[in-house]
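Structure record follows, encoded as structure tokens.
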Amino acid sequence: MNRGIYEIIENKPLTKDIYEMKLAGETSHITAPGQFINILLEGFYLRRPISICDYDDKTITIIYKVVGHGTEAMARLSKGEKLDILCGLGNGFDTSKSGKKAVLIGGGVGVPPMYNLCKKLLAEGKEVSVILGFNTASEIFYKEEFEALGAKVYVSTVDGSEGVKGFVTDVLKDLEYDYFFTCGPMPMFRAIEKIAATSGQYSFEERMGCGFGACMGCSCKTKYGYKRICRDGPVLEREEIIW
């Protein structure tokens, strides 16, 4: 984990409520896709944990949804402003278990961590399919970015306004794959758990206090005892989860 000052390079809307922010700063503590950063915002006591969408040796890209006062404040930040950030938090996805054909499933704001994961799997020579789940067409983001990487991309919308009408599971049930990776809301996880044909990894979206395991506020019970989502996760393997 690294604490540092990061400068905003860009902060722009992708949809009505979804924003993409690019930050310049130290990235050497990021070791796996699926890790997150924790942002200190002026006037707010608790930091805001946001998953890492992508990174290189100088920059970090995050995508966040405006859902409360903290993220509203983030959306008002401008290029050149600086943020106090804890970087490289949590344990990310383990790509060594993916097999040759991996499917990535992102629901809403669970989509961003799938992007760097997709890049890594493709760089390892894996065949990657990506399922992006949204409520309606106006909420869709990053479809073209995944396609540009070379992945096979499927979209589901609850109202059928684009792609497959229904849920991510309506796409997943017809795919062949060796392993799955997913991030999104708990109802989506429960639906995937009912039909998934292989082992996989779930990235949980828990409310967090400190973000690095001190407060125990995000503990959950697993088959191997209690684990802290912020430190032992946010990624857990299918076989250890108690639903």
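Residues in the range 140-153 that are farther than 13 Å from VAL164 by Cβ, touching a residue at least 24 places away in the same chain (Cβ under 8 Å) and out of contact with any helix residue (DSSP H, G or I) (no Cβ under 7 Å at 6 or more places or on another chain): PHE141, LYS152.
In this structure, does CYS215 turn out to be surrounded by 16 or more Cβ atoms within 10 Å (Cβ to Cβ), in a loop (DSSP other than H, G, I, E, B) and at pLDDT below 95? No. One residue stands out in the range 153-210 among those that are charged (D, E, K, R) and touching a Cys at 6+ places or on another chain (Cβ under 9 Å): the one that is nearest to ASN116 (Cα to Cα), namely GLU205. If only residues of the range 7-54 that are in contact with a strand residue (DSSP E or B) (Cβ under 8 Å, 6 or more places away or on another chain), in a loop (DSSP other than H, G, I, E, B) and small (Gly, Ala, Ser) are counted, the one that is surrounded by the most Cβ atoms within 10 Å (Cβ to Cβ) is GLY34.
Any residue that is assigned to a helix (DSSP H, G or I), of a type in the set (Val, Ile, Thr), farther than 20 Å from PRO13 by Cβ and outside the structural domain of GLU20 (by TED's automatic domain parsing) - is there at least one of those in the range 146-168? Yes, the range 146-168 has at least one match. Considered as a group, the residues in the range 55-85 that are free of Cβ contacts under 8 Å to residues at least 40 places away in the same chain and part of a loop (DSSP other than H, G, I, E, B) include one that is farthest from the chain's Cα centre (by Cα), and that residue is ARG76.
The values are calculated or read from the model by the stated rules, or taken from the named source; none is laboratory data. Values in this document were obtained by computation on a predicted structure and should not be read as measured data. Neighbour counts run over all protein chains shown; Cβ positions are idealised from the backbone, glycine included.
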